[in-house]
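K.L.:
Take a look at the following structure, please.
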Amino acid sequence: MNESYPSHRVPQQNPMILHPLHRVTPVHPICRGRVNGIPMGSNASDSLMLEICRCPNISLAHQDANHPCNEIVNVQDFSWDGFQLPEPWSGDLEGAPVLCIASNPSINLKESYPNKIWGDDVRLDFFRYRFSADRRWTKNRRVLLADGESYHNRSVAFWNNVHRQVERAYGRSVEMGVDYAMTEIVHCKSESEIGVNRCKSLCAKTWMDRIIALSSAKVLMLFGSIAKEWFGNLVGEKLDRAGVRTGVIIAGSPRLVVWLPHPNARGERNLTSVLEDLEVSLIRSSLS
């Protein structure tokens, strides 16, 4: 590792950063119509997704130590073509009844993940159909590796935990990307939430309202203290560890908001244990 890098900087590796499309998807990503229940995104959805991928704060922050995003941007080497782009959201944002919101995405340089030199069509395909059985981006919540052929030997623990919580919310089995989509308060990737506290206000102010405005989600499910703090600031309250609020107008529409412990937190975090029976019933009624 270059000694001038911050101690937390992710070392540059050499994955196959330019993916042959035939290794990634069984059909061309510029397909039309539904894929495993997920429709193509609207022009507004596509435009916002790409705008977040190209967030202007990245180029402003990487050499400006005073910029709120400096620390998180410099987790990676900005000059590298394999620089992993901010993660806008995953799944059918416009159609999913539940939108899960956490702090920021973790980083795995072994994953086949959009970077500086992937084309826009492939970036859009990745995020919209990330969990679709008609695509190869993931398999049983295991990420596709940079060789474009094999998968990580373990599923993503965070995804597993979120999936179980959403199943508890519905009271039935669910499909990732269809029954729920996922986004973050901070979209740049880092390990252990490095840099999140510095940039969370700017990132939320820049993107959250626009993301939620495109979402038809009846339920917003917040995971962890960063997402809970964002909502607490929105309603002007300091919130308890877990709870439910109904009829909250966010981005012009009424939402039921659930806030829960982070999926990786210690202690009890099971939705049906940390919420009152009436609160669980309110969630399920909203989703029925």
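K.L.:
Given the Cα-Cα distance of ASP147 and ARG210 and 0.36 nm per residue of separation, how much length would full extension add, in nm?
P.N.:
Contour length minus Cα-Cα distance gives 19.2 nm.
K.L.:
I would also like to ask the following. Could you give the length gained by full extension between LYS139 and ASN233, i.e. 0.36 nm per residue of separation minus their alpha carbon distance, to one decimal place?
P.N.:
Value of the extension gain: 30.2 nm.
K.L.:
Let me ask something else about it. Using helices alone, what [θ] at 222 nm do you get for the chain, with -39,500 (n - 2.57) per DSSP H run of 4 or more residues, divided over all residues and rounded to the nearest 500?
P.N.:
The helix contribution divided over the chain gives -9500 deg cm²/dmol.
K.L.:
Testing the spin-label approximation: label points 7 Å from Cα along Cα→Cβ at ARG241 and ALA65. State their distance in nm.
P.N.:
4.0
K.L.:
What FRET efficiency do you get for LEU278 and ARG54 if R0 is 41 Å and r is their Cβ-Cβ distance, rounded to the nearest 0.05?
P.N.:
That pair, LEU278 with ARG54, gives E of 0.40.
K.L.:
Between helix 277-287 and the chain, what is the angle of the helix's C-alpha long axis to the longest principal axis, kept within 0 to 90° and rounded to the nearest 10?
P.N.:
60
K.L.:
Oh, and also: Quick check for segment 21-287: number of Lys pairs with alpha-carbon distance under 29 Å, counting only pairs 8 or more apart or on different chains?
P.N.:
Count of close lysine pairs: 23.
K.L.:
Just name one of GLY177, ALA227, ASN104: the one whose Cα is farthest towards the positive end of the charge dipole of segment 21-287 (beta-carbon charges, Lys/Arg +1, Asp/Glu -1).
P.N.:
GLY177
K.L.:
Which one, VAL122, ASN197, SER150, projects farthest toward the positive side of the charge dipole computed for segment 21-287 from Cβ point charges (K/R +1, D/E -1)?
P.N.:
Farthest towards the positive pole: SER150.
K.L.:
Dipole of the chain, Cα-centred, from +1 at each Lys and Arg C-beta and -1 at each Asp and Glu C-beta, to the nearest 20 debye?
P.N.:
Magnitude of the dipole: close to 480 debye.
K.L.:
So, by mean Cβ neighbours within 10 angstrom, what's the order for 63-70, 167-174 with the highest one leading?
P.N.:
Put in order of decreasing packing, that is 167-174, 63-70.
FYI, it's all coordinate maths here, none of it is from the lab. None of these values were measured; they are calculated from a predicted model. FYI the Cβ positions are ideal-geometry reconstructions off the backbone, even for glycines, and counts take in every protein chain you see.
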